[in-house]
1. Kindly indicate whether Thr97 is in contact with a strand residue (DSSP E or B) (Cβ under 7 Å, 6 or more places away or on another chain), under 25 Å from Ser200 (Cβ atoms) and crowded, with 21+ Cβ neighbours inside 10 Å.
2. From the set of residues in region 236-261 that are over 22 Å from Lys19 (Cβ atoms) and among the polar types (S, T, N, Q), which is modelled with the lowest pLDDT?
3. Name the residue, out of Asp135, Asp145, that is charged (D, E, K, R) and either surrounded by fewer than 17 Cβ atoms within 10 Å (Cβ to Cβ) or closer than 15 Å to Gly203 by Cβ (or both).
4. Which condition from (1) buried (at least 23 other Cβ atoms within 10 Å of the Cβ); (2) aliphatic (A, V, I, L, M); (3) more than 25 Å from Phe144 (Cα to Cα) is the one that Ala210 breaks?
5. Determine if region 48-64 includes at least one residue that is over 17 Å from the mean Cα position of the chain (by Cα), under 17 Å from Ser26 (Cα atoms) and surrounded by fewer than 17 Cβ atoms within 10 Å (Cβ to Cβ).
6. Give me the strands (runs of 3 or more DSSP E) completely within region 37-103, filtered to those with at least 1 residues that are aromatic (Phe, Trp, Tyr) and touching a residue at least 60 places away in the same chain (Cβ under 8 Å), ordered by residue number.
7. Residues to consider are Phe116, Phe122, Phe98, Phe111; find the one that is over 21 Å from Val154 (Cα atoms) and aromatic (Phe, Trp, Tyr).
8. Can you name the residue in region 56-79 that is polar (S, T, N, Q) and under 22 Å from Thr115 (Cα atoms) and, of all such residues, is modelled with the lowest pLDDT?
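The values are calculated or read from the model by the stated rules, or taken from the named source; none is laboratory data. Because the structure is predicted, anything quoted here is derived from the model rather than measured. Glycine also receives a Cβ, built like all others from the backbone with ideal geometry; neighbour counts cover every protein chain displayed.
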Amino acid sequence: MNLFEYADSRQVTTDIKLKVIGSGSSGNCTYIEHGDDKILVDAGISRRRIIKALEEIDVELDEISAIFVTHAHSDHIQHLPMLLKHHDFKVFSTMDTFEYHSFPSDLVNDFQPVTFDKDSQFNSLIVKTRKSSHDIRGSVVYFFDNGQKQIGVVTDLGQITRKIGDEINRSDILMLETNYDPQMLKNGRYPFHLKKRINSAFGHLSNFDALKTIQLTNPPKMHTVLCSHLSKDNNHIDLAVDTLKLGLKPDRKLQRINIEPTFRDRPTDMYIA
């Protein structure tokens, strides 16, 4: 008897794919794919740019089934109204984010609330929502897990909590904030109050914070880290990438990790967990 004749004819993939459409203070949006599930994290990039980035991988915007919003700062939601006017996406966020004054809640037809530090099932993915320390109510980071592989989108936070660190340790690909170089921030043109905010526990992670995060969490499966949300004024792509590469080089277990940049003005390649 041929046992394979009873197998489901559908192809089931264990790959989770990630493509960063844009990352930085001017706008943030990330594409994630797992089988037939195609989602966006944040909508701070124009609809035109999102369509163009998806065309590179033969995906249409109407194939997107949901948008997961990390928080209500404008660089993460400023183009959400235009997307919702043309497409009927499910929108996931915390209630604090949904109720924030700048959030276009009146345009959302299918709102799905997420809860701090709780896991939920979205079709073929487990979505892990972890509270992040940022200077706005309702801010979270997300991890997407298919039972075998996991990717994390960890930006806009001033410190790594133990709960976030535990999920970083389980991840294969990590989009990790490397917002600023401390010396460039110190000597830069920003006013003191803004420097203090960025450098606080509710601000952003520096290149060295990101390096320390990888060293302390020591993720055994991780093969790629994407340096993300780089400041235009207080960082350089090469500086962020080199800080992590050189810092991980002495550790044989961590030097295997591929360090890659993300960009404000163009998408990355597709990365596969």
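1. It is false that Thr97 is in contact with a strand residue (DSSP E or B) (Cβ under 7 Å, 6 or more places away or on another chain), under 25 Å from Ser200 (Cβ atoms) and crowded, with 21+ Cβ neighbours inside 10 Å.
2. Gln255
3. Numbers: Asp145 fails: either surrounded by fewer than 17 Cβ atoms within 10 Å (Cβ to Cβ) or closer than 15 Å to Gly203 by Cβ (or both).
Exactly one of Asp135, Asp145 is charged (D, E, K, R) and either surrounded by fewer than 17 Cβ atoms within 10 Å (Cβ to Cβ) or closer than 15 Å to Gly203 by Cβ (or both), namely Asp135.
4. (3)
5. Within region 48-64 (the criterion being over 17 Å from the mean Cα position of the chain (by Cα), under 17 Å from Ser26 (Cα atoms) and surrounded by fewer than 17 Cβ atoms within 10 Å (Cβ to Cβ)), the answer is yes, since at least one residue qualifies.
6. It comes to 66-68.
7. Details: Phe116 fails: over 21 Å from Val154 (Cα atoms); Phe122 fails: over 21 Å from Val154 (Cα atoms); Phe98 fails: over 21 Å from Val154 (Cα atoms).
Only one candidate qualifies: Phe111.
8. Taking region 56-79 first, the residues polar (S, T, N, Q) are 65, 70, 74, 78.
Restricting the remaining residues to those that are under 22 Å from Thr115 (Cα atoms) gives 65, 70, 74.
Details: Ser65: 95, Thr70: 98, Ser74: 98.
Ranking the candidates gives Ser65 first.
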